[in-house]
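The next block holds one structure in the form of structure tokens; read it before the comments.
The values are calculated or read from the model by the stated rules, or taken from the named source; none is laboratory data. Note that the structure is a prediction, hence the values are computed from the model and not measured. As a convention, Cβ positions derive from the backbone with ideal geometry for all residues, glycine included, and neighbour counts pool all protein chains shown.
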Amino acid sequence: MTPAPAAARTHTLPARKDTELKIEQVAATLYTLRDHAKTPAALVETLRKVKAIGYGAVQVSGICEIEPPELRRMLDGEGLTCCATHEAPDMVLSAPGAVVEKLGTLGCRATAYPYPSGVALGTLDEVKTFAAQLNAAGRVLHEAGMVLAYHNHQVEFRRIAGRTILEIVYEETDPRYLQAELDTYWVQYGGGDPVRWCQRLARRLPLLHLKDYAVTPENQPTFAEIGGGNLDWHAIVKAADASGCDWFIVEQDTCPGDPFDSLRASYDYITSELVTAQRNPDAGR
């Protein structure tokens with residue numbers, strides 16, 4: 001069973017210095033492992049490896065075509081929870097009822113709109129129209145006891161009429177119908193502050209993508225394992241927890257080598273530096 005959505009929780013910033021992250025809240029997104037999930041046989045092996053690292057939950061994204069009942073069987077077989085999904089953008093907006101049905105089959109309560117592919121966001125009116133579409137879809141999920149979140153990239157940090165697109169999207173939607181899956185890397189890439197964005201999304205942040213931000217020798221920004229970049233993870237996790245975050249989801253869009261090694265490095269950093277509870281006793285280490 002997944003935790004209750006963030007709207008049901010209230011927090012104030014904790015006074016103590018340590019973070020409030022528990023290992024049961026840590027998940028891995030399968031998008032990081034998309035090249036190892038192109039067939040059902042490869043997917044089940046990937047799930048087994050994810051569980052062996054220590055993760056107890058995954059976000060379903062970037063995997064092969066597979067029927068939801070079969071995917072649920074695989075997840076249950078490996079002892080993994082589906083904490084959230086990414087669905088096709090058109091499906092979220094035009095067929096939210098189908099999303100509800102799929103989430104129900106997976107035993108999952110949350111999905112995130114992944115990217116505004118093909119959406120016109122050049123004017124304030126266009127952004128407001130998009131926000132209205134998200135709001136309408138989110139209402140369908142909310143009425144089914146589920147959550148629609150919005151996953152940002154850097155594009156939403158472009159300013160229109162003095163505000164970022166991301167600000168407009170959240171201001172133009174009902175918090176009951178649209179919550180957040182904040183992506184720390186893309187916030188930083190877009191010139192935002194991940195800590196401040198966690199704070200401003202209080203009671204609206206059920207999902208957080210943990211994604212570190214580094215700089216290459218060629219002076220280009222790049223993805224990094226958690227703890228291998230420049231983001232202040234103690235401050236980010238504290239702010240996200242105070243805002244009601246339920247799931248802290250590790251994602252690395254590209255990895256320098258084996259993505260399983262990158263997910264393990266991130267898991268090891270999280271468990272040694274950020275988690276307040278003991279390691280997952282089921283971890284096959």
Query raised in the report: Does Leu21 satisfy the criteria of being surrounded by 13 or more Cβ atoms within 10 Å (Cβ to Cβ), modelled with pLDDT under 95 and of a type in the set (A, V, I, L, M)?
Result: yes
**Report entry** Any hit, region 106-122, residues being of a type in the set (S, T, N, Q) and more than 20 Å from Pro68 (Cα to Cα)
**Finding:** yes
Query raised in the report: Scanning for something closer than 18 Å to Glu24 by Cβ, modelled with pLDDT of 95 or more and under 16 Å from the mean Cα position of the chain (by Cα), does region 256-264 turn up at least one residue?
Result: yes
Query raised in the report: What are the pairs, 6+ residues apart or on separate chains, where a residue within region 208-234 that is modelled with pLDDT of 95 or more has its Cβ under 6 Å from a residue that is of a type in the set (A, V, I, L, M) and part of a loop (DSSP other than H, G, I, E, B)?
Result: Leu210/Ile226; Asp212/Ile226; Asp212/Leu231; Tyr213/Leu231
Query raised in the report: Hey, any hits in region 97-106 for a residue that's touching a helix residue (DSSP H, G or I) at 6+ places or on another chain (Cβ under 8 Å), over 30 Å from Gly162 (Cα atoms), aliphatic (A, V, I, L, M) and without any contact (Cβ under 8 Å) to a residue 24 or more places away in the chain?
Result: yes
Query - Test: residue in region 238-252 that is free of Cβ contacts under 8 Å to residues at least 60 places away in the same chain and not polar (S, T, N, Q) - result: yes
**Report entry** Search result, residues across region 135-155 that are touching a residue at least 12 places away in the same chain (Cβ under 8 Å) and either among the acidic types (Asp, Glu) or within 23 Å of Tyr185 (Cα to Cα) (or both)
**Finding:** Val147, Leu148, Ala149, Tyr150, His151, Asn152, His153, Gln154, Val155
Report summary line: The correct count of residues that are more than 20 Å from the chain's Cα centre (by Cα), in contact (Cβ under 8 Å) with a residue 24 or more places away in the chain and either crowded, with 22+ Cβ neighbours inside 10 Å or within 27 Å of Tyr269 (Cα to Cα) (or both) in region 50-76 is 1
Query - Criterion: more than 23 Å from Trp247 (Cβ to Cβ) and buried (at least 19 other Cβ atoms within 10 Å of the Cβ) - qualifying residue of Val155, Val127 - result: Val127
Report task. Go through the residues of region 105-114 one by one and say whether even a single one is more than 21 Å from Leu182 (Cα to Cα) and part of a helix (DSSP H, G or I). Result -> yes
Query - Leading residue by the ranking (nearest to the chain's Cα centre (by Cα)) among those in region 156-175 that are assigned to a strand (DSSP E or B) and touching a residue at least 12 places away in the same chain (Cβ under 8 Å) - result: Thr164
Query raised in the report: When you scan region 115-155, how many residues do you find that are among the aliphatic types (A, V, I, L, M) and in a loop (DSSP other than H, G, I, E, B)?
Result: 5
Query - Filter result (aliphatic (A, V, I, L, M) and part of a loop (DSSP other than H, G, I, E, B)) within region 49-73 - result: Ile63, Ile66
Query raised in the report: So which residues in region 202-226 are in a loop (DSSP other than H, G, I, E, B) and within 14 Å of the chain's Cα centre (by Cα)?
Result: Arg204, Leu205, Pro206, Lys211
Requested in this report: Only one of these is in contact with a helix residue (DSSP H, G or I) (Cβ under 7 Å, 6 or more places away or on another chain) and either at pLDDT below 95 or closer than 18 Å to Glu87 by Cβ (or both): Val195, Val147, Val187. Name it.
Outcome: Val147
Query raised in the report: Can you name the residue in region 191-201 that is buried (at least 19 other Cβ atoms within 10 Å of the Cβ) and assigned to a loop (DSSP other than H, G, I, E, B) and is also nearest to the chain's Cα centre (by Cα) among such residues?
Result: Leu201
Report task. Would you be able to tell me the number of residues in region 242-275 that are assigned to a helix (DSSP H, G or I) and either of a type in the set (D, E, K, R) or more than 10 Å from Leu21 (Cα to Cα) (or both)? Result -> 14
Report task. Confirm whether Val140 is surrounded by 15 or more Cβ atoms within 10 Å (Cβ to Cβ) and closer than 22 Å to Thr85 by Cβ. Result -> yes
